[in-house]
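Reviewing the structure listed below.
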Amino acid sequence: SVNVSPTGSQPTSTYESAFLKACRREPVPHTPVWFMRQAGRSLPEYRKVREGIGMLDSCMLPELVTEITLQPVRRHQVDAAIYFSDIVVPLKAIGVDLDIKPGVGPVVERPVRTRADLDRLRDLTPEDVPYVTEAIGMLTRELGSTPLIGFAGAPFTLASYLVEGGPSRTYENAKAMMYGDPELWANLLDRLADITAAFLKVQIEAGASAVQLFDSWAGALAPADYRRSVLPASAKVFDAVASYEVPRIHFGVGTGELLGLMGEAGADVVGVDWRVPLDEAARRVGPGKALQGNLDPTVLFAGREAVETKAQEVLDSAAGLEGHVFNLGHGVMPSTDPDALTRLVEYVHTATAR
Ligand code: CP3
């Protein structure tokens, strides 16, 4: 049929969107823009619909997920939607006793520290997350040609919450397992890779046009440790979804020294935080991959002129890239003025119109 892409079920108009073209390193009509954490607390309409509903509960309500996912697309005219969920949703779905505490983050009742703890982490099946399939079906109908990005947490970042029992600055328990019991660590990351791969497959089969693997906290690792103890599990996730031929994005914070390895793990697009300029990031990643990033999210507090100056610096450093998706270097901060985001999208679209 005319309306079907070379790779599957997305409409041609989605396949030909600026976002997916940039991910494939094809010429684009303008540089596409979306923001990590674009759906969330910076939006008054988000706070309104979330009133009285816990974060994890809200992730299991397809109508609410659909509304929250669409809010930033309507308001900012971003080039892609990101599925509203959280990296710990698949863990909750297989029965891990965890919650997301406001202002804190994911907290795990019984941290994973032993072989017996690991044995309680079972595989994820599509039946564990029916609300994901339902919400993505609703979303792809509503989004028209705007692509939907599915996502999951990478094995290391998920392990950091599971082993620590909550957010950490130092990851001492997770790293103690990695250095002190490499076999248990490898088995844990391998189990998490299977869970993550299964969760991404559910999202792709329901209609997600791209996926992002968030290894937010991988920047805590030295390259040799990342290569030995983390990369194999992340590579397993990317391999598991390779045959779908949807772009695979790989992102972490403070990963300047890991950018090459994060590309090697199997990404088509490497996400870059604000610490490394994109031209230098391209040298570190090497040819054949697009880049995503990398405006410092705090720039949005500095006023219109500063935002435009700094956004232009990002665009200038991306000028020689084959594929560039404009984004922040990390998520939108909750106190960001939403109008500053709307103006930034407009600026990038206008400044790069070809
Ligand atoms: O990007 C989007 O718009 C989609 C939504 C999204 C959420 N979490 C919603 C959320 C995404 C992509 C995530 C991923 C996520 N969750 C990551 C990786 C991205 C990153 O920021 O590095 C991580 C590390 C988590 C774990 C997590 N969940 C944290 C650290 C927090 C914040 C805790 C706090 O309150 O400060 C959460 C909660 C969370 N996830 C919120 C949202 C909108 C806030 C909860 C709320 O609104 O009540």
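Nothing in this text is a laboratory measurement; each read-out follows from the coordinates by a stated rule. As the structure is a computational prediction, the values presented were derived from the model and not from experiment. Note that we place each Cβ from the backbone using ideal geometry, even for glycine, and neighbour counts take in every protein chain shown.
Within the chain, how many Lys pairs that are eight or more residues apart, or on different chains, come under 19 Å at the alpha-carbon?
Within the chain, the lysine pair count is 6.
Using only the Cα atoms of the range 161-200, build the gyration tensor, take square roots of its eigenvalues as a ≥ b ≥ c, and label the shape rounded, prolate or oblate: rounded if a/c is under 1.5, else prolate if a/b is larger than b/c, else oblate.
Since a/c reaches 1.5 but b/c is at least a/b, the shape of the range 161-200 is classed as oblate.
Taking the Cβ-Cβ separation of ASP181 and ASP339 as r and a Förster radius of 45 Å, what is the calculated FRET efficiency to the nearest 0.05? Don't jump to the answer; show the numbers that get you there.
Working: r = 50 Å, r/R0 = 1.12.
So, using R0 = 45 Å, E works out to roughly 0.35.
Between ALA235 and ASP57, with labels modelled 7 Å along Cα→Cβ, what's the label distance in nm to one decimal, could you check?
Using points 7 Å along Cα→Cβ, the separation is 4.4 nm.
Tell me, what HN-Hα J-couplings in whole Hz come from the Karplus equation 6.51 cos²θ - 1.76 cosθ + 1.60 at θ = phi - 60° for each residue of the range 281-292, using x for Gly and Pro?
3J(HN,Hα) across the range 281-292, in whole Hz: 4, 4, 4, 6, 7, x, x, x, 9, 7, 10, 10.
Which ³J(HN,Hα) values in Hz, rounded to whole numbers, follow from the phi angles of the range 96-108 under the Karplus curve 6.51 cos²θ - 1.76 cosθ + 1.60, where θ = phi - 60° and Gly and Pro get x?
Running phi through 6.51 cos²θ - 1.76 cosθ + 1.60 with θ = phi - 60° gives 5, 7, 9, 9, 9, 8, x, x, 10, x, x, 10, 9 Hz.
What shape does the range 182-233 take by its C-alpha gyration tensor, where a ≥ b ≥ c are the square roots of the eigenvalues and a/c under 1.5 counts as rounded, a/b above b/c as prolate, and the rest as oblate?
Numbers: a/c = 3.56, a/b = 1.75, b/c = 2.03.
Oblate, since a/c reaches 1.5 and b/c is not below a/b.
What's the exposure ranking of SER229, SER335, SER216, SER209, going from fewest to most Cβ atoms within 10 Å?
SER335, SER229, SER216, SER209
Rounded, prolate or oblate, given the Cα gyration tensor of the chain, with a/c below 1.5 counting as rounded? Walk me through the numbers before you get to the answer.
Working: a/c = 1.42, a/b = 1.27, b/c = 1.11.
Rounded is the answer for the chain, as its axis ratio a/c remains below 1.5.
Order 262-270, 27-35 from most to least packed using the mean count of other Cβ atoms within 10 Å.
262-270, 27-35
When ranked by the protection proxy of mean other Cβ atoms within 10 Å per residue, highest first, what sequence do the peptides 241-249, 42-50, 185-193 form? Don't skip to the end; give the middle numbers.
On the way: 241-249: 18.4, 42-50: 15.7, 185-193: 20.8.
For the peptides 241-249, 42-50, 185-193, the packing ranking is 185-193, 241-249, 42-50.
To the nearest 20 debye, what charge dipole does the range 1-146 have about its Cα centre, counting +1 at the Cβ of each Lys and Arg and -1 at the Cβ of each Asp and Glu? Mind showing how you got there, number by number?
On the way: 18 positive and 19 negative charges, 104 e Å.
The dipole magnitude comes to about 500 debye.
Take every Cα pair under 8 Å in the chain that's 6+ residues apart, average their separations, divide by the length, and report that relative contact order as a whole percent. It would help to have the intermediate numbers written out before the result.
Working: 668 pairs, mean separation 75.2, N = 354.
Averaging sequence separation for qualifying contacts and normalising by length gives 21 percent for the chain.
Which order do peptides 101-112, 149-160, 338-349, 123-134 fall in by mean Cβ count within 10 Å, highest first?
Details: 101-112: 14.8, 149-160: 25.8, 338-349: 18.2, 123-134: 16.4.
Final packing ranking: 149-160, 338-349, 123-134, 101-112.
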